[in-house]
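Please treat every number below as a calculation from the coordinates, not as lab data. Only a predicted model underlies this, so the values are computations on that prediction, with no experimental measurement involved. Positions of Cβ are backbone-derived with ideal geometry, glycine not excepted, and every protein chain shown enters the neighbour counts.
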Amino acid sequence: MFLALPVIALLISFAILFSLCRPRYLTSKTANAGKISIIVPARDEEHNISKLLTSIRSQSSQPLEILVIDDQSIDQTAAVARELGATVIPGKEMPAGWKGKTWACQQGADAAVGEWYLYLDADITLLENGLAKLAALTSVKATHSICPFHKIQRPYEQLSAFFNTITLAGVDTFAATPSSQGTLFGQVLLIHREHYQKAGGHEAVKDEILENFQFAQRLKAQKYEVNLYLGKGTVE
């Protein structure tokens, strides 16, 4: 019976997702990523950063730059990132009133020169043509947030997928109209420089626990469109 629970949880999660939400997937359209600055906040991610950067370097379309914000790691994160061709920005000491990741993200934006910022968590991987698919979204000047596909390798991860789905449904993540969508996926976030700055950047949510939710509200207050996608076939 215990072994059946993860399977049941997974089936329930998909049922909830497709009955309460309207998930959207990225299309097969591709574009050049040359105006995108990739920003990766990282602390003690030497094992993950290698996989991410290798996946970026294998893409058919390359970004303008790859910035790794080394958030005072005590492992070899910076060395691994440099070896794989990323520009490493040593994170400065966090000022009072900031929370860790928001500070790293803001430093990345301050250093980036691209028209678009693509924030990626260090523990995700871009699949074949994934970056070109993300670049195709830049045809619409909006904020595009992608939930990475969760590859389930262990039974207990199916239970995790169930609770993740409950959370997404609870915040009406995949509502039909962009104006009613209330949050962002911080793992993969593509945002135009102008929108980022006018919404106040990460500085505007520097002390928030739910910074992604609060930043989404600031974007909505500026009447900016927010689009949410499931990342299957693009990012995991």
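Quick check on packing: order 193-201, 121-129 by the mean number of other C-beta atoms within 10 Å, highest mean leading. Don't skip to the answer; put the middle values down first.
Values: 193-201: 16.9, 121-129: 18.9.
Going by the mean number of other Cβ atoms within 10 Å, highest first, we get 121-129, 193-201.
With each pseudo-label sitting 7 Å past Cα toward Cβ, what's the LEU84-ASN227 distance in nm, one decimal?
So the label points at LEU84 and ASN227 sit 2.8 nm apart.
For ASN129, what residues show an amide H to amide H distance below 5 Å, using hydrogens built from the backbone and excluding near sequence neighbours?
SER60
Tabulate in residue order the Karplus-calculated ³J(HN,Hα) for region 29-40, using 6.51 cos²θ - 1.76 cosθ + 1.60 with θ = phi - 60°, rounded to whole Hz; enter x for Gly and Pro.
5, 10, 7, 6, 9, x, 9, 9, 9, 8, 10, 10
Taking amide H positions as placed in the peptide plane 1.01 Å from N, state which residues far from GLN76 in sequence (5 or more) or on other chains have amide H under 5 Å from it.
HN-HN under 5 Å from GLN76: GLU46.
Please identify which residues in region 39-65 have an amide N closer than 16 Å to a label point set 7 Å out from the Cα of ASP75, following the Cα→Cβ vector.
Only 41-54 pass the distance filter.
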